[in-house]
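Novice: My questions all concern the structure below.
Bear in mind that the values in this text are calculations on the coordinates, not laboratory data. Because the structure is a prediction, the values reported are computed rather than measured. Heads up, the Cβs are rebuilt from the backbone with ideal geometry, glycines too, and the neighbour counts pull from every protein chain shown.
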């Protein structure tokens, strides 16, 4: 597998630094060959980005940028989980996507797909995953999107 | 294990054809002995069925039919995951149920239970699973229910 | 690992009895080294406790007590899964937290953190987990919080 950081750089994305969680949990847990990555919101390097609600204060293209930020935070934590050795990433297994939206918004899949696209661009076929995309009436700190993920890695 | 397709037929259900996802993800991922099945909505064979919101435009019996359709789509993808060999299915591990509902609806368990019942009818004791049942303020394309699942299989 | 029941007792908590689910699912499933625990609401020993909606009829400290009850129910089911032998618990892997809230509530993490804190108090470093915390517009039977979990155990 090519260096994912370089692929992202070519796409115009910098892999963010990971932040320690503000609360009593950890950003990822490795159990056997699975890595469970905590729900990521679109805040990057401490900046509270992409606060808003789809269908009300945020349009779909902006929500897609939020979803991309979530995916970048997921990949940054995955990098930590494999100690920077991307060759240990076997595949993305599962993505769970929550969109902060009004009760009449129905384009959850379109928003979360921006995260799925980024994962597939970064990891190739190994980036393809099962997923759900649903709405939430609100998300922590007003975030517009929250996404968690499960990956398979080689130990 | 008896042929699940035949059991469902006796119950009046046809296992649907699986549709490729419209977006950049896959309907299921096998990792070790676990199959992660993507969130399924009640659309069957391309028909947009059971659009609505519980507590507002859809009653509980109709929501239960929607949940059954989600379960049928889950079983159809499980069939693909085991290449039609139902004997490879060890058990259903986990079901995650999202009900598109109003903020005062509180019968999520009753709705999702129709999916749980169908899984147990189809797979017997091996169909019993851990699960959550929650509401979402809206779901993709207006679907009334979305359900994902994890199964254990023999490779 | 010290006896978790005793640690909780020192904190003023009694590990509740587990109740059989009202519907066609099971409280936990063991698959390989993973235990998947069904979504737990704050009802304890048959009492319907902590019904309400954050941001409307329930304040944050009460929501945190609800989250603690969910964690107690999770630990009670974990105890059953390891037949009372806490030394078989390797770690908490993942927690999924749903908060019944209004669309403008944004302190989901603060509410769910009370459950995370309790898990870490009870299990020490092995209690630390990946997690998501999101809102739901409503939860089964009006519950204010629903939390599911995945643990790794030794067989």
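Novice: Within 10 Å of each Cβ in A:101-111, how many Cβ atoms from other chains are there, averaged over the peptide?
Specialist: Mean partner shielding for this stretch: 5.
Novice: Quick one: what Rg and Dmax do you get for chain A from the alpha carbons, in Å?
Specialist: In Å, with Rg to one decimal and Dmax whole: 14.6, 44.
Novice: Three principal axis extents, largest first, for the C-alpha atoms of the protein assembly as shown, in Å?
Specialist: Principal extents (Cα only, largest first): 56, 55, 44 Å.
Novice: Output the peptides A:147-155, B:121-129, A:19-27 sorted from most to least packed, where packing is the average of other Cβ atoms within 10 Å over each peptide's residues.
Specialist: Highest mean packing first, the order is A:147-155, B:121-129, A:19-27.
Novice: Put a point 7 Å out from Cα along the line to Cβ at residue B:22; what are the distances to that point in the other copies, in nm, shortest first?
Specialist: Values, ascending and in nm: 3.5, 3.5.
Novice: When only Cα pairs under 8 Å and 6 or more residues apart are kept, what is the percent relative contact order across segment C:28-69?
Specialist: Answer for segment C:28-69 is 32 percent.
Novice: If the label for residue C:7 sits 7 angstrom from Cα along the Cα-to-Cβ line, what are its distances to the same label in every other copy, in nm to one decimal, shortest first?
Specialist: Inter-copy label distances (nm, one decimal, shortest first): 4.0, 4.0.
Novice: Roughly how many whole Å is it from the C-alpha centroid of segment A:88-147 to that of segment C:77-132?
Specialist: Segment A:88-147 and segment C:77-132 have Cα centres separated by 23 Å.
Novice: Could you sort the peptides B:104-114, A:136-146 by per-residue average Cβ neighbour count (10 Å cutoff), highest mean leading?
Specialist: A:136-146, B:104-114
Novice: State the percent of C-alpha pairs, over all pairs in segment A:89-155, separated by a distance greater than 21 angstrom.
Specialist: Above the 21 Å cut-off, segment A:89-155 has 28 percent of its Cα pairs.
Novice: A follow-up question, please. Please tell me the relative contact order of segment B:98-155 in percent, rounded to the nearest whole number, where contacts are Cα pairs under 8 Å and at least six residues apart.
Specialist: 48
Novice: Averaged across A:114-121, how many Cβ atoms of other chains sit within 10 Å of each residue's Cβ atom?
Specialist: Mean inter-chain Cβ contacts per residue within 10 Å come to 2.
Novice: While we're looking at this one, here's another question. When DSSP beta bridges are limited to those with both residues in the protein assembly as shown, what percentage is antiparallel, rounded to the nearest 5?
Specialist: Expressed as a percentage, antiparallel bridges in the protein assembly as shown total about 70.
Novice: Still on this structure, I have one more. Other chains near A:143-155: what is the mean number of their Cβ atoms within 10 Å of each residue's Cβ?
Specialist: Average per residue, whole number: 2.
Novice: Taking residue A:60 in one copy and the same position in all the others, each labelled 7 Å out along Cα→Cβ, what are the pairwise distances from the first, in nm, shortest first?
Specialist: 3.6, 3.6
Novice: Moving on. Would you work out if segment C:6-47 is rounded, prolate or oblate? Take a ≥ b ≥ c from the square roots of the eigenvalues of the alpha-carbon gyration tensor; rounded if a/c is under 1.5, else prolate when a/b is larger than b/c, oblate otherwise.
Specialist: Oblate, because a/c is 1.5 or more while a/b does not exceed b/c.
Novice: In Å and whole numbers, how far do the C-alpha atoms of segment A:46-107 stretch along each principal axis, longest first?
Specialist: Taking the Cα atoms of segment A:46-107, the three principal extents are 41, 26, 15 Å.
Novice: What does the helix-only formula give at 222 nm for the protein assembly as shown: each DSSP H stretch with n ≥ 4 adding -39500 (n - 2.57), the total divided by the residues, and the result rounded to the nearest 500 deg cm²/dmol?
Specialist: Dividing the helical sum by the residues of the protein assembly as shown leaves -9500 deg cm²/dmol.
Novice: Let me ask another. How many angstrom separate the Cα center of segment B:1-76 from the Cα center of segment A:1-32?
Specialist: 33
Novice: Identify, for chain B, the residue whose C-beta comes nearest the rotation axis onto chain A, and round that distance to whole Å.
Specialist: B:137, 3
Novice: Order these peptides, C:46-58, A:60-72, by their mean beta-carbon neighbour count within 10 angstrom, highest first.
Specialist: Most protected by this proxy first, the peptides run A:60-72, C:46-58.
Novice: Quote the relative contact order of chain B in percent (integer), defining contacts as alpha-carbon pairs under 8 Å separated by 6+ residues.
Specialist: Reported relative contact order: 33 percent.
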